[in-house]
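Here's the structure we're looking at; comments come further down.
The values are calculated or read from the model by the stated rules, or taken from the named source; none is laboratory data. Computed from a predicted model, the values in this text were never measured in an experiment. Every residue, glycine among them, receives a Cβ derived from its backbone with ideal geometry; neighbour counts consider all protein chains shown.
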């Protein structure tokens, strides 16, 4: 047998031993965390209370999953799922099943990078100049955007609204159906990010 094969067998046995040991420790701790009045752990092991035995088994399986899966790396392998959860983030996936972290924040935590363009934005009113006619009032704003891989909306200089005609959306909104009159020019602005995808 070559050395690589022997090393593989050795580490496999270590892994099996570790999971067995972890299962035993978690099972013992489960009795303290989820006490079962009137039934000792030995009774559970003997199957005398199958409902409680299943409850303990589910708890142990969940903790093992946290140890095994929580250590899995996010996309680009800079951080793990546990790193994400520790910082109060949520593990999500893109359309290709790549896992990354969603934070309820405008920017990623220190040491993290934004993943593609994933974000959620809130609506934002934008300052304007010019004249907004009483008959066909115009306003400048950016609509809210749901969670998606789309850059946050930005209004650049020169966006204009004129009565019912909207130029260079999504910055302008006008009431009525008239055409003509004075133009309202939207000032530069951007929608605030309230959720961001990071890795």
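Look at (1) surrounded by 14 or more Cβ atoms within 10 Å (Cβ to Cβ); (2) farther than 17 Å from residue 194 by Cβ; (3) out of contact with any strand residue (DSSP E or B) (no Cβ under 8 Å at 6 or more places or on another chain) and you find that residue 143 fails only one, number (2). Out of segment 86-118, which residues are exposed (fewer than 15 other Cβ atoms within 10 Å of the Cβ) and touching a helix residue (DSSP H, G or I) at 6+ places or on another chain (Cβ under 7 Å)? Answer for segment 86-118, where residues must be exposed (fewer than 15 other Cβ atoms within 10 Å of the Cβ) and touching a helix residue (DSSP H, G or I) at 6+ places or on another chain (Cβ under 7 Å): just 98. The residues of segment 76-103 that are more than 13 Å from the chain's Cα centre (by Cα) and either assigned by TED's automatic domain parsing to the domain that holds residue 149 or closer than 13 Å to residue 199 by Cβ (or both), listed by number, are 76, 77, 78, 79, 80.
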